[in-house]
Amino acid sequence: MGRPDYYEFLQISPNAEMETIHRVFRFLASRYHPDNTETGDAEKFSLLRQAYEVLADPAKRAAYDASCKDGTTEPDPLLTSIDFMDSLQGELNRRLALLAILYARRRINSYSPQVSLEEVETRMGIPREYLEFTIWYLSKKGLITRGDDSAFTLTADGVDHVEAQHEKLPVLRGLLTRGARVVPAA
């Protein structure tokens, strides 16, 4: 499972004007919104939000377009290798995955270690609604912080926690060695 083609999903040209993107987004949002009893689809709605967040922001759109041209792709979502949906174990896995993603980013770029919620959703392959409790818990424990721009950063206590737990928890060890690879922040 590679990076989704947002233009294909929205059925618009890569040269589409911002007005077209907004119009298509509004139309599809009403169709796919989970509250729509006839055509609601939570997965498609989540993908729609991701596509809109990227394509409606000129800087993110330019980076997305450049990655499409040069053939680079985002890492596959972790969902393909880890169960995030099982009730208790899924929650524990979500916490470990978020910590691993933030740890990897902190090590790659300690001066700009922020990871956006959009990137977390993409990497984990799950919508933000499933991350609310995870984020609340890790924030209250002081392991992560959320900046004014809503991006997440691993705290020093978070680094200590990851390093203390990685040998004890095979899921965390696996995430740190293969699954939490991240692209450095631009």
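The values are calculated or read from the model by the stated rules, or taken from the named source; none is laboratory data. This structure is a prediction, so every number in the text was calculated from the model and none was measured. Neighbour counts run over all protein chains shown; Cβ positions are idealised from the backbone, glycine included.
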ask   = Could we say that residue 62 is at pLDDT 80 or above and outside the structural domain of residue 44 (by TED's automatic domain parsing) here?
value = no
ask   = Hey, which of the helices (runs of 4 or more DSSP H) in the range 76-179, taking only ones fully inside, have at least 1 residues that are crowded, with 16+ Cβ neighbours inside 10 Å and at pLDDT 90 or above?
value = 87-108, 132-140, 156-165
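Of all residues in the range 44-63, count the ones that are outside any helix (DSSP H, G or I) and in contact (Cβ under 8 Å) with a residue 24 or more places away in the chain. Show your work before the answer.
We begin by selecting, within the range 44-63, every residue outside any helix (DSSP H, G or I); these are 56-57.
Next, from what is left, pick out any that are in contact (Cβ under 8 Å) with a residue 24 or more places away in the chain: 56.
Within the range 44-63, residues that are outside any helix (DSSP H, G or I) and in contact (Cβ under 8 Å) with a residue 24 or more places away in the chain number 1.
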message = Looking at the range 1-54 only, could you name the residues that are more than 22 Å from the chain's Cα centre (by Cα) and closer than 17 Å to residue 118 by Cβ?
response = none
ask   = Looking at (1) in contact (Cβ under 8 Å) with a residue 60 or more places away in the chain; (2) farther than 18 Å from residue 126 by Cβ; (3) of a type outside the set (Asp, Glu), which is the only condition residue 10 fails?
value = (1)
message = Tally up the residues in the range 130-163 that are within 28 Å of residue 42 (Cβ to Cβ) and free of Cβ contacts under 8 Å to residues at least 12 places away in the same chain, please.
response = 5
task = Among the candidates 94, 106, 123, single out the residue that is outside the structural domain of residue 56 (by TED's automatic domain parsing), touching a helix residue (DSSP H, G or I) at 6+ places or on another chain (Cβ under 7 Å), in contact (Cβ under 8 Å) with a residue 24 or more places away in the chain and farther than 22 Å from residue 46 by Cβ.
result = 106
